[in-house]
Amino acid sequence: MTGKGIGPIAAALGRRGRMTAVEEFLDADRRALAERVAEIFRWIFLVVLLILNNFGGVRFAGAQLFVNAILLAWAAANLVVTILLSRGLKPGPQFGLVTMVGDILAGAALVYFSNGLTSPYILALFLAIIASAVRFGLYFSVLCAVAVSFIYLFVGGTAPSLQDFTVHPQVGLEALGRVFLFLVVALVTGLIGEELIRERRLAISRAAQAEALQQMSSALAYSLDVNDLFEVVLQQAVRITRAESGALILNTGGRLQLAAYHGRGGRSDKAAMAKGDALIERVMETGEAIHIKGDNHPYHELLGIQPPLSVIVAPIPVQGRVAAVIRLSHYSQSDAFSDQQFFLVNALAGSASGPLANSLRYERKTREAITDGLTGLLNHREFRHRLDLEFSRYRRRGTPFSVMLIDLDHFKSVNDSMGHHHGDEILKSAGDLVRRTTRDNDLTARYGGDEIVVLLPDTDQDQARSAAERMVAAVRRNQIPATPARDLTFSIGVGTCPGDASSADEVLMAA
């Protein structure tokens, strides 16, 4: 079930990340839309220019035929663009550059055959500027305006000389005014285009983030592995904010535990996250998220030595208490996290609340099903399951294993003379002692009544006897009082496979 829950999230996030996909989609969508807008503008300008050239009052001696030829060639090229776009072409940057250069060249040819300042064909140059702004934004629009100004002044033969300013100042000023108008149109259309692109980018980004949160919430609802849940929640929080480091800290009965960590902060940063700070403790106490921007924030002093400049700490509540917190840090920028990102991290923490409650409940029930309620050791059923697995491993690989069966001496008399409550305390103390004395990979279980059993993987007969001797020495050294007159002692039996037995049951019988 865990794999099914986490799989859709990993697929949704991807290696490149959702934000990269949003950027690529936005660029492709903007290019297609810009080419359609440029195509529509082009048809409008072509119709207007054809009417002016053939039915207007303005005539250009000997040039009408050439102008019509240029306009028809331009219309044919635009018809090809229209057909390609209608057939679903996804134009790339090269396509836009070709059409932009075509617009500029067509405008230059029209201006060349026009009558300078009185030419209506400067409309074609305006078209090139507007279409460039729509397709490529502000910078290309300004560059296009500079190129168009050069064409208008020098190709069209309207560049004013010094004599124009002295003899006919109106002519020179009118030429410069047209150039200024080119630049103003470029700036206005470019800025409008940039703002529309920014707003569209923000809208698509928010939609993608909301979709990612929804997909993650749906997937986590079926996840019962608490460690996988922590990793995915923190990974998504770091992706949303692009934090330099992030940690998910679990609150286990008032004790902080580092459950997941991502970042480039190194060992010192990870150690600081694991230890926690006053800011995390405050969020644990109040249940309110905190967003710090810069060192002038009133809570910045709670971050300790060498604190980050930007911090987000968001609580994950479970059943009325803060079960965990997400802490995100950025050390080089005071405004690294926006208010929108703060809101998204809070939403992410809230969406993880239900799945975390389910995971913790499942983990607790699973632990209760395999452990002894009194001693906290594995119970008899789980021990038999692990013993069968170890015997299967022995049959596959031939690695020996041993079983150490520990009997608490005179335990019945302890219960009879001191009471069952005291006997329970002795059992718990004995279980703690055995667990502390064994290795990390050994399995300790309560076998039944006053018996404790230890499964020793990769242990032959000599090693098992040495382990039993260490156990006897440990119980003597700790001097656990079973009764006022006698300390607790152990009787220990050892069985080894394959030395003493050839099956799991025979190993237990040998012990």
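The values are calculated or read from the model by the stated rules, or taken from the named source; none is laboratory data. Remember, predicted model here, so these are calculated numbers, not experimental data. All Cβ positions, even for glycine, are placed from backbone atoms using ideal geometry, and neighbour counts span all protein chains on display.
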Can we say Glu363 is part of a helix (DSSP H, G or I), among the acidic types (Asp, Glu), buried (at least 18 other Cβ atoms within 10 Å of the Cβ) and touching a residue at least 24 places away in the same chain (Cβ under 8 Å)?
no
Only one residue in Leu176, Leu181 is at pLDDT 75 or above, out of contact with any His (no Cβ under 7 Å at 6 or more places or on another chain) and assigned by TED's automatic domain parsing to the domain that holds Thr99. Which one?
Leu181
For segment 333-348, check the following and say yes or no: at least one residue is at pLDDT 85 or above, β-branched (Val, Ile, Thr) and surrounded by 18 or more Cβ atoms within 10 Å (Cβ to Cβ).
yes
If you check every pair at least six apart or on different chains, which have Cβ atoms under 7 Å apart with a residue in segment 411-430 that is farther than 17 Å from Asn478 by Cα first and a residue that is of a type in the set (Gly, Ala, Ser) second?
Phe411/Gly423; Val414/Gly423; Val414/Ala482; Asn415/Gly423
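Each row is one residue, and each column tells you yes or no for (1) at pLDDT 75 or above; (2) in a helix (DSSP H, G or I); (3) β-branched (Val, Ile, Thr).
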residue: Ala243; (1), (2), (3): yes, no, no
residue: Ile249; (1), (2), (3): yes, no, yes
residue: Ala259; (1), (2), (3): yes, no, no
residue: Arg267; (1), (2), (3): no, yes, no
residue: Lys270; (1), (2), (3): no, yes, no
Within segment 39-59, which residues are at pLDDT below 80 and crowded, with 16+ Cβ neighbours inside 10 Å?
Leu52, Asn53
Please work out if Pro93 is at pLDDT below 75 and assigned by TED's automatic domain parsing to the domain that holds Glu35.
no
Residues (at negative phi and free of Cβ contacts under 8 Å to residues at least 60 places away in the same chain) located in segment 394-410:
Arg395, Arg396, Arg397, Thr399
Residues Leu33, Leu26, Leu71: which one is modelled with pLDDT of 80 or more and in the same structural domain as Leu105 (by TED's automatic domain parsing)?
Leu71
Just need a number here: residues in segment 449-495 that are in contact (Cβ under 8 Å) with a residue 40 or more places away in the chain and either closer than 21 Å to Asn379 by Cα or not β-branched (Val, Ile, Thr) (or both).
27
